[in-house]
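Reviewing the structure listed below.
The values are calculated or read from the model by the stated rules, or taken from the named source; none is laboratory data. Not measured: the values here are computed from a predicted model. Here Cβ is always computed from backbone atoms with ideal geometry, including for glycine, and neighbour counts include all displayed protein chains.
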Amino acid sequence: MDADVVVVGAGAAGGVLALELARRGLRVTVLESGPRHDPAKRWDGVRRWLRHENPWERTPKTLDRYTVGGPQPYQLEGRRARGVGGSTLHWEGYALRLHASDFMLRSLHGVGDDWPIRYDDLEPYYAAAERSLGVAGTADDPWASPRSAPYPLPAFPFSHSDGLFSRACRTLGIGLHHLPQARNSVAYDGRPQCRACGTCFVCPTGAKATADLTHVAAAEATGNARVVTEATVKRLVTDDAGEVRAAVYAGPDGVERRAEARVFVLAGGAVENARLLLLSTSRRFPAGLANGSGLVGKCFMTHPSVTIQARVRDRVHPYRIGFSTAMTRQFAVGGDRGRRGAFLLEFLNAAGPTPEQIAVASGRWGADLREHVRAEFGRWMGIRIYAEELPERTNAVTLNPRVRDALGVPAPHIHHAIGAYERAALEEAREVMGRIMTALGALEVKPGPLSFAGHQMGTHRMGTDPRTSVVDPDQRAHEVPNLYLAGGGCFVTGSASPPTLTIVALAIRTAERIAARLAPPGRPSARAAGPGGTPAEPGAQRDATPA
Ligand SMILES: Cc1cc2nc3c(=O)[nH]c(=O)nc-3n(C[C@H](O)[C@H](O)[C@H](O)COP(=O)(O)OP(=O)(O)OC[C@H]3O[C@@H](n4cnc5c(N)ncnc54)[C@H](O)[C@@H]3O)c2cc1C
Ligand code: SF4
């Protein structure tokens with residue numbers, strides 16, 4: 001045993017846990033299935049992305065095998081990434097807190113469930129998460145819950161089309177505000193200011209927060225954390241007392257190895273965490289580890305999403321910024337959430353066909369083509385919504401023993417359907433988006449198809465009752481005292497907000513609890529360090545310096 005804690009996965013949750021534990025003097029081994037994606041080679045990834053290839057695809061591709069079922073199948077392709085940094089390598093970087101009411105859906109609206117923690121419990125950890133990722137924003141969201149500290153970085157300015165949307169929304173009584181970003185509006189924490197190059201699914205500069213840059217490197221720099229890459233955990237082994245003794249993992253050579261520790265944290269994402277628990281059967285845990293409730297893998301949630309695009313008379317200068325700068329939370333709070341899900345509106349800065357798409361579709365050549373592209377480009381505006389999905393036991397991650405991955409392990413199978421609650425949200429969202437486009441003077445409106453966000457939640461839900469939940473409020477498995485399950489799998493309900501800031505806040509809190517449990521007398525205690533290891537004064541350790 002050469003580690004106090006083994007963490008499985010080096011993404012958002014795993015990276016944070018590695019840093020927060022290592023910084024407190026605990027020895028951490030991180031087992032990461034993917035490789036290190038060298039930051040100096042991100043331009044190769046940009047080129048691949050521009051060629052419509054998956055920039056984070058790893059070999060063997062068969063390690064990512066999965067199957068889907070249900071009326072609205074949820075595909076994982078492009079919705080997660082393997083490697084140091086995990087899916088944050090690929091994420092868009094929108095860093096929103098949940099609203100206080102999101103934690104109390106059952107009490108306030110009579111649907112879903114309540115979380116066992118409240119917004120106030122998580123608030124200091126949200127502030128720490130924003131400092132550690134470097135979130136740019138301003139407190140202009142009238143529907144946000146109270147904050148104890150300002151955003152660590154100034155907000156990005158609104159775009160030209162945000163101004164047009166703002167005027168149209170005002171006539172309809174809809175309020176538009178900044179969208180908080182985990183990307184540098186000014187240089188921060190050793191990473192540069194965003195260059196607005198617009199290839200954010202692969203950020204070539206490091207301005208977008210990715211866990212490899214924001215957390216894993218700092219964890220390794222403490223000397224207490226070591227990251228083993230290309231190490232895919234196949235199962236956890238328990239002892240007679242029902243505690244985890246080892247994580248069994250294999251590299252590309254297929255040879256099985258064991259990593260032992262006092263405490264284990266699964267941070268492989270909501271799908272892989274559930275899969276690993278279901279794979280880790282034993283006489284004591286015949287239905288899978290920590291699965292006495294039968295809820296491991298159940299209540300899978302994501303965010304249904306639709307986009308609408310409209311052609312307008314004047315040029316709106318799209319594609320100058322690769323990310324969205326404005327949103328509204330007006331329909332995500334209050335309202336009739338007993339009947340329909342919450343939804344967020346994101347006002348897009350990149351909508352309509354690109355010059356390349358206009359050219360290919362035109363069939364023209366030479367000067368005629370040039371003229372055509374000039375005349376057509378930049379006349380489309382777009383809005384995207386994310387809607388809330390209720391936890392349903394029938395939406396589930398299970399094992400598919402007929403399909404195996406590159407290491408011979410059964411692949412995950414995801415069954416997914418949406419119901420009346422989600423459809424009602426989508427219907428109202430389409431109606432709201434249509435009204436905004438009409439107020440903009442749209443000449444032509446193109447509604448997009450239903451899709452689903454790269455957000456996976458709910459598969460090992462949190463609660464105080466072991467019969468109806470898998471982990472406790474500290475993300476510790478009810479039935480396995482030395483096992484913690486970190487990430488979106490712990491979410492009780494999904495809200496309409498992207499999950500990662502909450503995942504990071506919960507991970508900071510869990511690291512604090514693990515450290516308090518493991519740290520011998522004399523080592524710095526969690527409480528002395530404060531949430532996220534940073535003093536209450538925001539930015540005191542990590543300066544934001546104008547570039
Ligand atoms: C295209 C896209 C856009 C997104 N945009 C946003 C956004 O704007 N805002 C937001 O909040 N969220 C966004 N997300 C979601 C966000 O990326 C995830 O919520 C977040 O990364 C989840 O963190 P995690 O640590 O739980 O999992 P991940 O970050 O996915 O990390 C899990 C890691 O565990 C490793 N792993 C898995 N299984 C094993 C195993 N058996 N053994 C060893 N290692 C393993 C994986 O290789 C991976 O590196 C987006 C996601 C995608 C794909
Ligand atoms: S726009 Fe900013 S965050 Fe996006 S890829 Fe470019 S530098 Fe990175």
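Here are the numbers for the structure shown:
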{"item": "Selection count, the range 169-224, where residues are more than 8 Å from ligand 2 (Cβ to nearest atom), in contact with a helix residue (DSSP H, G or I) (Cβ under 7 Å, 6 or more places away or on another chain) and of a type in the set (S, T, N, Q)", "result": "5"}
{"item": "Any hit, the range 129-139, residues being within 16 Å of ligand 2 (Cβ to nearest atom) and under 21 Å from residue 405 (Cβ atoms)", "result": "no"}
{"item": "Lone unmet requirement of (1) surrounded by fewer than 18 Cβ atoms within 10 Å (Cβ to Cβ); (2) on the phi > 0 side of the Ramachandran plot; (3) within 16 Å of ligand 2 (Cβ to nearest atom) for residue 52", "result": "(3)"}
{"item": "Residue selected from the range 192-204 under the condition more than 15 Å from the chain's Cα centre (by Cα) and within 14 Å of ligand 1 (Cβ to nearest atom), by the criterion surrounded by the fewest Cβ atoms within 10 Å (Cβ to Cβ)", "result": "199"}
{"item": "Residues satisfying the stated conditions in the range 250-267, i.e. in a loop (DSSP other than H, G, I, E, B), surrounded by fewer than 24 Cβ atoms within 10 Å (Cβ to Cβ) and not charged (D, E, K, R)", "result": "251, 252, 254, 255, 261"}
{"item": "Qualifying residue in the range 266-276 (condition: at pLDDT below 95 and more than 16 Å from ligand 2 (Cβ to nearest atom))", "result": "no"}
{"item": "Tally of residues being near ligand 1 (Cβ under 8 Å from one of its atoms) and not in a loop (DSSP other than H, G, I, E, B) across the range 484-501", "result": "4"}
{"item": "The range 430-488, residues that are touching a helix residue (DSSP H, G or I) at 6+ places or on another chain (Cβ under 6 Å) and of a type in the set (D, E, K, R)", "result": "474"}
{"item": "Among (1) within 21 Å of residue 413 (Cα to Cα); (2) under 23 Å from the mean Cα position of the chain (by Cα), the one test that residue 60 misses", "result": "(2)"}
{"item": "Qualifying residue in the range 168-183 (condition: among the polar types (S, T, N, Q), closer than 21 Å to residue 316 by Cα and more than 16 Å from ligand 1 (Cβ to nearest atom))", "result": "yes"}
{"item": "Set 362, 293, 324: member being crowded, with 18+ Cβ neighbours inside 10 Å and touching a His at 6+ places or on another chain (Cβ under 9 Å)", "result": "293"}
{"item": "Tally of residues being under 21 Å from the mean Cα position of the chain (by Cα) and not β-branched (Val, Ile, Thr) across the range 389-425", "result": "12"}
{"item": "Residue within the range 338-355 that is out of contact with any His (no Cβ under 9 Å at 6 or more places or on another chain) and farther than 27 Å from residue 75 by Cα present", "result": "yes"}
{"item": "Flag if residue 157 is touching a residue at least 40 places away in the same chain (Cβ under 8 Å), closer than 26 Å to residue 504 by Cα, out of contact with any Gly (no Cβ under 6 Å at 6 or more places or on another chain) and not charged (D, E, K, R)", "result": "yes"}
{"item": "Qualifying residue in the range 281-288 (condition: farther than 25 Å from residue 508 by Cβ, in contact with a Gly (Cβ under 7 Å, 6 or more places away or on another chain), surrounded by 19 or more Cβ atoms within 10 Å (Cβ to Cβ) and of a type in the set (S, T, N, Q))", "result": "no"}
{"item": "Scan of the range 4-22 for residues that are aliphatic (A, V, I, L, M) and part of a loop (DSSP other than H, G, I, E, B), ordered by number", "result": "10"}
{"item": "Residue in the range 107-115 that is of a type in the set (Ser, Thr, Tyr) and either part of a loop (DSSP other than H, G, I, E, B) or on the phi > 0 side of the Ramachandran plot (or both) present", "result": "no"}
{"item": "Hey, residue 164 among the aliphatic types (A, V, I, L, M), within 16 Å of ligand 1 (Cβ to nearest atom) and either under 28 Å from residue 381 (Cβ atoms) or in contact (Cβ under 8 Å) with a residue 24 or more places away in the chain (or both) or not", "result": "no"}
{"item": "Residue match in the range 225-233 (condition: within 8 Å of ligand 2 (Cβ to nearest atom) and either β-branched (Val, Ile, Thr) or out of contact with any Leu (no Cβ under 8 Å at 6 or more places or on another chain) (or both))", "result": "no"}
{"item": "Filter result for residue 373 (part of a helix (DSSP H, G or I) and β-branched (Val, Ile, Thr))", "result": "yes"}
{"item": "Strands (runs of 3 or more DSSP E) completely within the range 379-454 that count 2 or more residues being without any contact (Cβ under 8 Å) to a residue 60 or more places away in the chain", "result": "396-404"}
{"item": "Tally of residues being part of a loop (DSSP other than H, G, I, E, B) and either more than 16 Å from ligand 2 (Cβ to nearest atom) or in contact with a helix residue (DSSP H, G or I) (Cβ under 7 Å, 6 or more places away or on another chain) (or both) across the range 55-100", "result": "30"}
{"item": "Unique residue being more than 29 Å from residue 409 (Cα to Cα) and of a type in the set (Lys, Arg) when the list is 36, 48", "result": "48"}
{"item": "Options 34, 25; residue that is away from ligand 1 (no atom under 16 Å from the Cβ), out of contact with any strand residue (DSSP E or B) (no Cβ under 7 Å at 6 or more places or on another chain), in a loop (DSSP other than H, G, I, E, B) and of a type in the set (Gly, Ala, Ser)", "result": "25"}
{"item": "The range 258-267 - residue that is farther than 21 Å from residue 79 by Cα and touching a residue at least 24 places away in the same chain (Cβ under 8 Å) and, of those, farthest from ligand 1 (Cβ to nearest atom)", "result": "262"}
{"item": "Selected residue (only one of 207, 247, 225, 270 is crowded, with 23+ Cβ neighbours inside 10 Å, free of Cβ contacts under 8 Å to residues at least 40 places away in the same chain and in contact with a strand residue (DSSP E or B) (Cβ under 6 Å, 6 or more places away or on another chain))", "result": "207"}
